[in-house]
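The structure under discussion is supplied below as structure tokens; questions concerning it will follow.
Every read-out reported here was derived from the displayed coordinates using simple, explicitly stated rules and does not represent laboratory data. The structure presented is a predicted model; accordingly, all values stated were derived computationally and were not measured. Reconstructed Cβ throughout: ideal geometry from the backbone, glycine too, with neighbour counts over all protein chains shown.
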Amino acid sequence: EVQLVESGGGLVQPGGSLRLSCAASGFTFSNYAMTWVRQAPGKGLEWVSSISIIGTGTYYTDSAKGRFTISRDNSKDTLYLQMNSLRVEDTAVYYCAIYGSGSFYPGGWFDPWGQGTLVTVSS
Amino acid sequence: DIVMTQSPDSLAVSLGERAAINCKSSQSVLYSSDNKNYLAWYQQKPGQPPKLIIKWASTRESGVPDRFSGSGSGTDFTLTISSLQAEDVAVYYCQQYYSAPITFGQGTRLEIK
């Protein structure tokens, strides 16, 4: 069974940093591009960042460029999101998800998704 | 960026009745070389992550009930639930994957009347 388990969320002050992790199991992690999508409380879905199979191709939403870094460790089946200079508006549940088989990176659908980890940026 | 706009924002339908959710993209998501529409639909139930239900605008995922169908091409798309069941209460999102950045519609909340 495919499993994605996010961790690393929590309460952080504006300007602070967090590193999110997404532990993958039940599939060959190194064969799939991965992504982070966030959802602010009571709001819709916002794509944040994606990474290619070997990690050389990365994409970011404009608000994340220069502040967030996506990476992966295929030896550990783990996806990461390093978030620096956090802002109040970064408060959200952060989901990791797998690019669907047959997707054309960086375009693609996401399936399945993890349960998410909550990041709260507040003073 | 391609802007995805869903309508309505919320919808209340009686059990057994038809529900239709619309999604409009600010530019075409039909790729001419393969004649495919680069559009997906997701269902998100309360407290759960989104679940993919349709890709390529009309290809239903395995295990998704056949009362769910997707239609449309170019810039205008529709998700239809032919006979609403109680378990279909959720927020539904469309997503384009034609070009980066990937963008989602704002969501449509579907409730029972």
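Select from region B:86-105 the residues that are under 11 Å from the mean Cα position of the chain (by Cα) and assigned to a loop (DSSP other than H, G, I, E, B) and list them in ascending order.
Listed by number, the list holds a single entry, B:GLY105.
For region A:65-89, how many residues are more than 14 Å from chain B (Cβ to nearest Cβ) and touching a Leu at 6+ places or on another chain (Cβ under 9 Å)?
Count: 12.
If I go through region B:1-37 residue by residue, how many of them are of a type in the set (Ser, Thr, Tyr) and part of a strand (DSSP E or B)?
The total comes to 5.
Here's a follow-up. What pairs can you find where one residue is in region A:65-85 and more than 20 Å from B:PRO101 (Cα to Cα), the other is among the charged types (D, E, K, R) and surrounded by fewer than 18 Cβ atoms within 10 Å (Cβ to Cβ), and their Cβ atoms are less than 6 Å apart, with a gap of 6+ or different chains?
A:ASN84/A:ARG67; A:SER85/A:ARG67
Residue by residue through region B:59-96, note down the ones that are away from every other protein chain (no Cβ under 13 Å) and among the hydroxyl-bearing types (Ser, Thr, Tyr).
The answer is B:SER69, B:SER71, B:SER73, B:THR75, B:THR78, B:THR80, B:SER82, B:SER83.
Would a scan of region A:3-21 turn up a residue that is in a strand (DSSP E or B), under 27 Å from B:ILE2 (Cα atoms) and either of a type in the set (A, V, I, L, M, F, W, C) or touching a helix residue (DSSP H, G or I) at 6+ places or on another chain (Cβ under 7 Å) (or both)?
no
Take the residues in region B:53-74 that are in a strand (DSSP E or B) and crowded, with 20+ Cβ neighbours inside 10 Å, then tell me which one is farthest from the chain's Cα centre (by Cα).
B:GLY72
Going by the structure shown, is A:ARG67 surrounded by fewer than 20 Cβ atoms within 10 Å (Cβ to Cβ), more than 26 Å from B:GLN48 (Cβ to Cβ), in contact with a Ser or Thr (Cβ under 7 Å, 6 or more places away or on another chain) and charged (D, E, K, R)?
Judged against the criteria, A:ARG67 is a match.
Looking at region B:75-85, is at least one residue in contact with a strand residue (DSSP E or B) (Cβ under 8 Å, 6 or more places away or on another chain), among the β-branched types (Val, Ile, Thr), assigned to a strand (DSSP E or B) and loosely packed, with under 15 Cβ neighbours inside 10 Å?
Scanning region B:75-85 turns up at least one residue that is in contact with a strand residue (DSSP E or B) (Cβ under 8 Å, 6 or more places away or on another chain), among the β-branched types (Val, Ile, Thr), assigned to a strand (DSSP E or B) and loosely packed, with under 15 Cβ neighbours inside 10 Å.
Out of the residues in region A:97-118 meeting the condition of being outside any strand (DSSP E or B) and over 17 Å from A:THR61 (Cα atoms), tell me which one is farthest from the other protein chains (Cβ to nearest Cβ).
Taking the candidates together, the pick is A:SER101.
Can you say whether A:GLY8 is of a type outside the set (Phe, Trp, Tyr), more than 29 Å from B:TYR92 (Cα to Cα) and either in contact with a Lys or Arg (Cβ under 6 Å, 6 or more places away or on another chain) or touching a residue at least 40 places away in the same chain (Cβ under 8 Å) (or both), as far as the supplied structure shows?
When the stated conditions are applied, A:GLY8 does not pass them.
Further, regarding this structure: Can you name the condition, by its number, that A:ASP62 falls short on among (1) part of a loop (DSSP other than H, G, I, E, B); (2) out of contact with any Pro (no Cβ under 9 Å at 6 or more places or on another chain)?
Result: A:ASP62 fails condition (2) only.
Does A:LEU11 qualify as being of a type in the set (A, V, I, L, M), more than 9 Å from chain B (Cβ to nearest Cβ) and surrounded by 14 or more Cβ atoms within 10 Å (Cβ to Cβ)?
No: the conditions fail for A:LEU11.
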